[in-house]
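Where a number appears in this text, it was derived from the coordinates with a stated rule and is not lab data. These numbers were taken from a predicted model, which means no experiment stands behind them. Because the Cβ atoms are built from the backbone with ideal geometry, glycine has one as well, and the counts that use them run over all protein chains shown.
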Amino acid sequence: MYYNVEANGRGGARKDKRLNPLNTDFDLYSLGKDGKTKPQISQKDSVDDIIRASNGRYIGKAADY
């Protein structure tokens, strides 16, 4: 999935457990094995997602971020 934060605003951006956006440019992520997701990556449906965070400085499982 792709979301352009710069063009569409922070409201739809993926967020960490403190509700801060993961990126300032764009979000890129895949739904994990369960095929479910939520905007906040610490929620149960998102912990298995593969995410891009910190403007590309992190790529990996949401649970490990």
Among the lysines, select those whose C-alpha is under 16 Å from the C-alpha of LYS36, and discard any that sit fewer than 8 residues away in the same chain.
LYS15, LYS44, LYS61
Assertion target for ARG10, ARG18, ARG52, ordered by fewest C-beta neighbours within 10 angstrom first, is ARG18, ARG10, ARG52
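Could you check what % of the DSSP bridge pairs in the chain are antiparallel, to the nearest 5?
On the way: 10 of 11 bridges.
Looking only at bridges with both residues in the chain, the antiparallel portion is about 90 percent.
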D (µm²/s, integer) via Stokes-Einstein for the chain, Kirkwood Rh across alpha-carbon pairs, 25 °C, 0.890 mPa s: value 217
What list of ³J(HN,Hα) couplings, whole Hz, do you get for region 30-40 from phi and the Karplus terms 6.51, -1.76, 1.60, once you set θ to phi - 60° and write x for glycine and proline?
10, 5, x, 4, 7, x, 10, 8, 9, x, 8
Measuring from label point to label point, each 7 Å out along Cα→Cβ, what is the ASN4 to ARG57 span in nm?
2.5
